[in-house]
Structures are given as structure tokens and as C-alpha cells.
Amino acid sequence: MRVLVVNAGSSSLKLRVLDGHDRVVGRADLGPVRDLPPGRVATAIRELGGRRSLAAVGHRVVHGGERYRAPVLVDDRVRHDLEALTEMAPLHQPAALAALDAVTAALPDVPTVACFDTAFHATLPPAAATYAVPAAWRHELGLRRYGFHGLSHAYASRRAAEVAAAGGTPAARVVTCHLGAGASLAAVRDGRSVDTTMGFTPLDGLVMATRSGSLDPSTVPWLVRRHGLPLAEV
């Protein structure tokens, strides 16, 4: 059984074909999905073997919100729900949806599954997930720390534990680092995320290629009121 894995990041679109032993047997690295000419994704899929060899497609999706805490088979409702989360991940969610649409058009009869970066961090304890804001904002509006890069952190923590165990040193507590155009850290205990640097959106935490990371929240009203910068720009 072969699976096409689709990773639409903020700066690239990566396609990988995995066999039944989790080995990469085909790959294509494309530019940002928004910049690709029509039909480029379909061409890449044909070059990787096309629909004949594929049993399923798995998409990395950055934000699953409160609803999606595990992989889910994509249908019209799921796609609509994911589009509604665009404001919370404006660099990533549109790219994931564009890749989803392009791949689905090329492989309309192949089951498509969305896997979420936020899902790994659904185990965050209240002390890590809760912001010190009015309770109504948290409970009624869903303002909480979601965490991101979860698929990467899950894999890295699992591999670190396996390697440590093979060397005779069990690793129950691991700090994982996702370092790229986007960057984040996570604290993992017994395979479960217990803290992470990213928050409500992928802007929080470490300094990144195009994201500031953590800022004092008072900088926003100060720049708007004191210096007249447009709110959207800030």
C-alpha cells in the first residue's frame, strides 16, 4: 500500500510517497502552492506514479481548532470547517486548502485524510493551555494556546525516545525543536505534549523567518495610538 503525503508549508509544497513499510519511495519538492502554474500539482503526481499506485492521501494541516484533535477523512463539511480557521493561521491554512483542492482534483477517487499540527498539543494541561484573560474569552470564544508543528514534534519525540531506549537510557522527558522558516519548541512527557512555545496562532514563541515571535502585547496599541500605524499593518 502506498500513501501520498502532502505538506503545504508557508514557503514550499512537498509531496512524498511512502510504501507499506513507511519508506519514502517518491518525492517532489515544489515552490509555494500559491505560485504554482495550473496543473503543476497534477503533473507532479503523475510523475510519482499517479492514482494507480496510491491507496490514500494524507495532508498536513496546521490548524484543526477545537473540533479536530485526530486525523479525519476530508469531506465538504471538514473543508468548510478548516477554511473557517484561516484567520488563525493566515500563512498556512490557505496553502493547505489550495494543496487539498489541487490534489483532490488530480486524485478524486482516492481517500483523503487531514492530519493536524494542533492535534499533538491537545494534551496540554490547563496550566500550559490557559491564557490569563477573562474566563468568557476562553470558554465562549475559544481563546487558548493551541500549539503547532505537532506532527514534527510527535515524530521527533518518538524517535528520540526510541534511540535513547536502544542505548539503554529511557527518555520519558524530551524537549523537541522544530527549526525552519517557522520554529517552535515543545516539552514532551511520556509521549504527550505538556508545553510548547507557540500559542493561539503560529506567531507566538521563537523568532522566525517572517514572524516576530513573542511580543509584549502593549506594543500593538502603542504603535496604533502613539504613532498612528494602521492596525492591519501592525
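The values are calculated or read from the model by the stated rules, or taken from the named source; none is laboratory data. Note that the structure is a prediction, hence the values are computed from the model and not measured. Every residue, glycine as well, gets a Cβ built from its backbone with ideal geometry; the counts of neighbours run over all protein chains shown. SASA here: full protein model, heavy atoms, side chains in, ligands and nucleic acids out. Shrake-Rupley method; radii C 1.70, N 1.55, O 1.52, S 1.80 Å.
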Residue list for segment 71-85, restricted to those being under 20 Å from SER11 (Cα atoms) and exposed (fewer than 15 other Cβ atoms within 10 Å of the Cβ): GLU83
Selection within segment 8-53 - crowded, with 19+ Cβ neighbours inside 10 Å and either under 18 Å from the mean Cα position of the chain (by Cα) or under 18 Å from CYS115 (Cβ atoms) (or both): ALA8, GLY9, SER10, LEU13, LEU15, VAL17, VAL33
Residues that are farther than 18 Å from THR197 by Cβ, of a type outside the set (D, E, K, R) and surrounded by 10 or more Cβ atoms within 10 Å (Cβ to Cβ), drawn from segment 122-145: VAL133, PRO134, TRP137, HIS139, LEU141, GLY142
Count - residues of segment 142-157 that are farther than 19 Å from HIS92 by Cα, touching a residue at least 60 places away in the same chain (Cβ under 8 Å) and assigned to a helix (DSSP H, G or I): 0
Conditions (1) under 27 Å from LEU48 (Cα atoms); (2) surrounded by fewer than 18 Cβ atoms within 10 Å (Cβ to Cβ); (3) modelled with pLDDT of 95 or more; (4) among the acidic types (Asp, Glu); number of the one not met by ASP109: (3)
Members of segment 185-210 found to be open to solvent by 10 Å² or more (accessible area, probe 1.4 Å) and free of Cβ contacts under 8 Å to residues at least 60 places away in the same chain, listed by number: LEU185, ALA187, ARG189, ASP190, GLY191, THR197, LEU203, ASP204, GLY205, LEU206, VAL207, MET208
Residues located in segment 212-227, provided they are assigned to a loop (DSSP other than H, G, I, E, B) and either under 20 Å from ASN7 (Cα atoms) or open to solvent by 60 Å² or more (accessible area, probe 1.4 Å) (or both): SER212, SER214, LEU215, ASP216, PRO217, SER218
Residues satisfying the stated conditions in segment 158-182, i.e. open to solvent by less than 40 Å² (accessible area, probe 1.4 Å), within 24 Å of SER11 (Cβ to Cβ) and not in a loop (DSSP other than H, G, I, E, B): THR176
